[in-house]
Amino acid sequence: MYWFRAAAEGNHAEAPFNLALAYENGEGTGVNLKKAFEYYKQAAELGNPAAQCNLAVAYLQGSGTKRNFQKGLNWLHRAARRGDAKAQFNLGMAYLEGMVVARNRHKARVWLSRSAKKGNRPAIRAFKRLPARR
């Protein structure tokens with residue numbers, strides 16, 4: 001943990017992301033969702049797409065922070081645009097089911113397709129279940 005913290009202080013995007021994962025999952029330390037959120041935010045602001053996705057989920061679920069749908073959606077869009085397959089899947093499902101955003105099958109298809117092309121199995125299954133385009 002010492003070396004991760006030292007690297008995080010040096011603004012290396014992977015270090016705060018790894019610290020966030022450790023605090024979220026209790027690996028090498030106790031579970032601390034507030035610290036996980038803080039480190040996800042640091043890594044997300046440094047441009048780490050996976051951290052941006054996890055930060056979005058934290059905002060959407062209120063995990064380690066107060067629930068904030070707008071911030072969650074903004075970070076989810078950022079991560080999806082940067083190519084994070086999990087974020088693309090989550091965004092596609094949000095559009096498909098009308099969660100936090102207005103239901104939009106076209107946008108759902110776009111994001112699920114992008115995630116599926118990266119091999120994301122849940123996205124592949126969801127994309128195959130979409131009705132054919134008219």
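The values are calculated or read from the model by the stated rules, or taken from the named source; none is laboratory data. Just so it is clear, the structure is predicted and the values come from calculations on it, not from any experiment. Heads up, the Cβs are rebuilt from the backbone with ideal geometry, glycines too, and the neighbour counts pull from every protein chain shown.
When W3 is tested against (1) outside the structural domain of A132 (by TED's automatic domain parsing); (2) part of a helix (DSSP H, G or I); (3) modelled with pLDDT of 95 or more, only condition (3) is not met. Contact annotation: residue pairs with Cβ atoms under 6 Å, 6 or more positions apart or on different chains, pairing a residue in the range 27-45 that is assigned by TED's automatic domain parsing to the domain that holds W75 and within 9 Å of F17 (Cα to Cα) with a partner that is of a type in the set (D, E) and crowded, with 16+ Cβ neighbours inside 10 Å, are A36/E24.
Looking at the range 20-38, which of its residues are under 23 Å from R67 (Cβ atoms) and in a helix (DSSP H, G or I)? Matches in the range 20-38: A20, L21, Y23, E24, N25, L33, K34, K35, A36, F37, E38. Consider the range 102-118 and keep the residues that are closer than 17 Å to A79 by Cβ and of a type in the set (G, A, S). The one that is surrounded by the fewest Cβ atoms within 10 Å (Cβ to Cβ) is S113.
For every residue, the table says whether it meets (1) surrounded by 15 or more Cβ atoms within 10 Å (Cβ to Cβ); (2) farther than 20 Å from N74 by Cα; (3) at pLDDT 95 or above.
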| position | (1), (2), (3) |
| --- | --- |
| E9 | no, yes, no |
| L19 | yes, yes, no |
| T29 | no, yes, no |
| F37 | yes, no, yes |
| P49 | yes, no, yes |
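When you scan the range 63-77, how many residues do you find that are surrounded by 14 or more Cβ atoms within 10 Å (Cβ to Cβ) and either under 17 Å from Y39 (Cα atoms) or in contact (Cβ under 8 Å) with a residue 40 or more places away in the chain (or both)? Final tally of qualifying residues: 7. Filtered by the rule that a residue be among the aliphatic types (A, V, I, L, M) and modelled with pLDDT under 95, the range 102-134 gives L130, A132.
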